[in-house]
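So the structure is just underneath, and the comments pick up after that.
Taken together, the values in this text are just the output of simple stated rules run on the coordinates, not laboratory data. Here the structure is a predicted model, which means the values were calculated and not measured. For neighbour counting, all protein chains shown are included, and Cβ atoms are generated from backbone atoms with ideal geometry for every residue, glycine included.
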């Protein structure tokens, strides 16, 4: 009896130890992050090296040809510009519109404003893939196919409800006394909004902007359905330039992959708090 | 003295003025297409013959199509696989990070934990296609080294394993995604509870089962809900890996919709599938939200 007790005691002490946690997380992260690292390394390999067996991990010779080729000899730079234009326009529209909407819904309640807030949240249940079909018919009829504007409109639809919900939550938690004292001091409603409320809710607005950028930058379904040529094609579709039916140019693909993942990685490293805040808004307490 | 305001309107009207333009726009952008989706499902709409009302013909065509049951089954396995794998990893990672609290490297670890989420899902499909490649893939090489097998596995050449391949690529992105939700919920747990439990002689396992799990329950359910919802309506990873093949082994319902819509240009039938996806997701979400509300 005492033997089993001692064994389970040791077992529990091992589980309890922080060293175990560090080792466990370390192992998981090695597995989880190895595809990213391999992608980065492969972008610096020669095409011949990617065909070798056993596969190499670290490049034998560092080769910049894949990057050079992607930058100077492909339509990738054009699709990166498209992705930037689409993402930044979407962010601008969503942030401005959602800020006004959320402030109106949160601070100046009117009949039905509660229902409107919740129905905005409920729209998240509607699957974007189901709406592809009516959008396809509508935009074909309007002649809005293969235009960046179309993708901007669709990404606004995808992100505006989430960001509005995030900001409603932020404005709800804003202390009423600050608004009241500003109004008593003679500030108008607009002045209170722009000079008292906005500066103090700027982190929530930044969170909304960042998640909108990430979702739009990574969006694929509508990009695939509504763009055919590089005039409007974003990076997520442009990537397929290096994917043939039989042959895939892995070094170039990995180089594009580095470009495609870079903005999000930068946000995750420098603005992780905002990303988490943006994604979990409305998730925990509903 | 009369108070100076730039608008002489009531507060309620001020609220409407701020919020209604945006809401109107977004509802037009959502409600009109939903109505049009339902209308389309009763129409012959194929860009070739003139548009005509066909009653329930699209419905009977889709419901008698063997591909529908197959696509639903594939989608079910895919959703279950992606959500299950993500849940196991996300729970482990979140619990580890939660245990670390503010200790050394915790900030670094938290960043590392969400890093794969930076990769667009469609690119994840391509990366995993390469890692799992039978001729040049690193995963296959490791597989041969670690296991007794001496032949590389052509995971996409075989209809039973192909689905596992696409699930892996999607789960890789969903692990960090789910970790964000579960970790946020675990961070809300008061650390004193663990100390109190330790004084009462609780083991690490009982602490996890009786403190961590119940107190982060809603975050976990929400993570399951949103991950399952995303994998039920996705195309990204499958499109870049198999496009539904080999044969129809990875024929996810999203690919089914795109086939009807873009290849066959039959928007009426595509709309019926779209409605089926909509109904499935609504029922699932309602069930999960009811589970979350139940205490």
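Between residue B:159 and residue B:213, full extension at 0.36 nm per residue minus the direct alpha carbon distance yields a gain of 15.8 nm. Computed from the C-beta positions of residue A:183 and residue B:24 and an R0 of 22 Å, the FRET efficiency is 0.20 to the nearest 0.05. Extension gain, residue A:37 to residue A:247: 0.36 nm times the residue separation minus the Cα-Cα distance gives 73.3 nm. Between A:104, A:26, A:208, the residue with the greatest mean-square fluctuation in the GNM of chain A (Cα pairs under 10 Å linked by springs) is A:26.
Rounded, prolate or oblate: which fits the stretch A:14-111 when a ≥ b ≥ c are the square roots of the eigenvalues of the alpha-carbon gyration tensor, with rounded for a/c under 1.5 and prolate only if a/b beats b/c? Oblate.
Percent of C-alpha pairs per 20 Å bin in the protein assembly as shown, short distances first: 18, 50, 27, 4, 0. Remark: relative contact order (chain A) = 28 percent; criterion is Cα-Cα distance under 8 angstrom and separation of 6 or more residues.
Spatially, the stretch A:140-161 and the stretch A:186-257 are offset by 13 Å when compared through their Cα centroids.
In this entry, the stretch A:173-236 is assigned a mean projected area of 6.4 nm², taken as a quarter of its C-alpha convex hull surface.
Working from label points 7 Å from Cα in the Cα-to-Cβ sense, the residue A:273 to residue B:9 distance is 3.6 nm. At 0.692 mPa s and 37 °C, plugging the Kirkwood radius over alpha-carbon pairs of the stretch A:68-280 into Stokes-Einstein gives what diffusion coefficient in µm²/s? The diffusion coefficient I find is 172 µm²/s.
Paramagnetic label reach from residue A:266 (point 7 Å along Cα→Cβ; backbone nitrogen cut-off under 18 Å): within the stretch A:190-233, residues A:206-219. Mind checking which of A:246, A:49, A:16 has the largest fluctuation in a GNM of chain A, springs on alpha carbons under 10 Å? Sorting by GNM fluctuation, first place goes to A:16. The length gained on full extension between residue A:194 and residue A:12, counted as 0.36 nm times the residue separation minus their Cα-Cα distance, comes to 60.0 nm. Every Cα-Cα pair of the stretch B:67-129 was included, and the share exceeding 16 Å stands at 64 percent. From largest to smallest, the equivalent ellipsoid semi-axes obtained for chain B from the alpha-carbon gyration tensor read 38, 35, 18 Å.
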